[in-house]
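Peer 1: Below: one structure in structure tokens.
The numbers here are math on the coordinates, done by the rules we state, and not lab data. As the structure is a prediction and not an experimental result, all values here were calculated from the model. Please note: Cβ atoms are built from the backbone with ideal geometry, for glycine as well, and neighbour counts cover all protein chains shown.
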Amino acid sequence: MFNMLKTAVLMAAITALFMAIGSFVGGQQGMVIALLVAVGLNFFSYWFSDKLVLKMYNARQVDASSAPQFYRLIEALANKAGLPMPRVYVIDEEAPNAFATGRNPQHAAVAATTPSDDAARRFIALIAGAASKDLREAGGFDAGFASAWQSGSS
């Protein structure tokens with residue numbers, strides 16, 4: 001519940017900032033236009049930020065047959081956290097990275113890069129830890145807050 005409040009406060013703050021700038025630039029009409037733009041951006045950020053972030057990274061969705069180890073890892077972590085299975089994505093990059101995004105557990109997605117074998121061996125524990133933390137956040141709606149923040153700051 002607290003995480004949903006944080007998301008609402010962030011979106012309200014962005015709206016207020018837009019309205020203040022709109023008022024400064026265009027008076028009352030500018031403020032109304034800025035309000036409409038802010039509402040549209042907030043709607044887009046809340047509902048589509050996960051897709052936006054995954055597209056920015058050129059992530060491709062995988063399943064149990066195309067990335068069995070990674071998929072089973074995420075499946076086990078989701079089961080242990082008592083969460084629904086998120087969509088699983090792979091990003092074809094050497095730099096090790098992993099993150100989760102989505103506005104709630106039913107719309108969660110987990111993504112990780114595909115580092116070389118040497119880097120992967122060192123990084124697998126970090127991926128498990130990051131995915132586990134991010135899945136817990138998705139369960140508490142923190143990922144929605146982070147997604148809205150990431151899409152607005154990129």
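Peer 1: Just to check I understand the Karplus step: with θ = phi - 60° and J = 6.51 cos²θ - 1.76 cosθ + 1.60, what whole-Hz values come out for segment 97-104, glycine and proline as x?
Peer 2: In residue order, the calculated couplings are 6, 8, 7, 10, 8, x, 7, 6 Hz.
Peer 1: Moving on. So for the pair Thr114, Asn97, with labels modelled 7 Å out along Cα→Cβ, what separation do we get in nm?
Peer 2: My value for the distance between the label points is 1.6 nm.
Peer 1: Label Leu35 and Leu83 with points 7 Å out from Cα along Cα→Cβ: what is the distance between them in nm?
Peer 2: In this crude spin-label approximation the distance works out to 3.6 nm.
Peer 1: How many nm is it between the label spots at Trp47 and Arg60, if each spot is 7 Å from the Cα in line with the beta carbon?
Peer 2: 3.0 nm
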